[in-house]
Structure formats: C-alpha cells, structure tokens
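Structure, as structure tokens:
The values are calculated or read from the model by the stated rules, or taken from the named source; none is laboratory data. None of the values given here were measured: they were computed from a predicted structure. Using ideal geometry, Cβ is built from the backbone for each residue, glycine included, and neighbour counts are taken over all protein chains shown. The area values use the complete protein model at the heavy-atom level, side chains included, leaving out ligands, DNA and RNA. Shrake-Rupley method; radii C 1.70, N 1.55, O 1.52, S 1.80 Å.
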Amino acid sequence: MPGPVAGNVAMNELVVHGWDIAKATGQQFRCDTDSLKASLEFVSMAAAQDRRPDSPFGPPVEVSPDATPLDKLISLTGRDPAWQA
C-alpha cells in the first residue's frame, strides 16, 4: 500500500474509532479540521467503491443535508451519529 494511502487509512482509524470510544464512554469527541476533512474524503471515496457484503463499512445512515462534517463521516461508516451509550 502506498504511504499516502496508508496514512489516510491510519488517520481514518484514529478519527472514527476515537469517536467510537468517546461516545461509548460518554465523552465529547473533538477532532481538528484537517484530520476530519482527510477522513471524510477517504471514507467518501472508499464507501462509494466498496459496498460489498464484506465491506468494512455498514450501510450509510441517513443524515440531514446540513449535517456537520463529523456526522457525515460517521454516517458513511454505517454508524448513527446520534447514538448514545
């Protein structure tokens, strides 16, 4: 895997699973704009190409058109941005 792709994968793992941990433990999740933008671009591209049954992403969760970039990212991975532990 080329270095830039591996970097995008790693960044996405940190952002999405950081959100998972924050939500599961009742904490607020904060992410810098650049990391969030990179993750959203990566997941948008990957999700559009990879919706096979063995995809690492679940079906997208519908969010409003004016959803935050974080909510859009989380929804593209198949997670509900409104989920609470």
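Model label points for D20 and M45, set 7 angstrom from Cα along the Cα-to-Cβ axis, are 2.3 nm apart.
Counting only protein heavy atoms and a probe of 1.4 Å, the accessible surface of the chain is 58% carbon and sulfur. Taking label points 7 Å from Cα along the Cα-to-Cβ direction, T68 and K37 give a separation of 1.8 nm.
Accessible surface for the chain, divided over its residues, is 66 Å² per residue with a 1.4 Å probe. Amide H to amide H distances under 5 Å link R79 with V61, where only residues 5 or more positions off or on other chains count and H is placed in the peptide plane.
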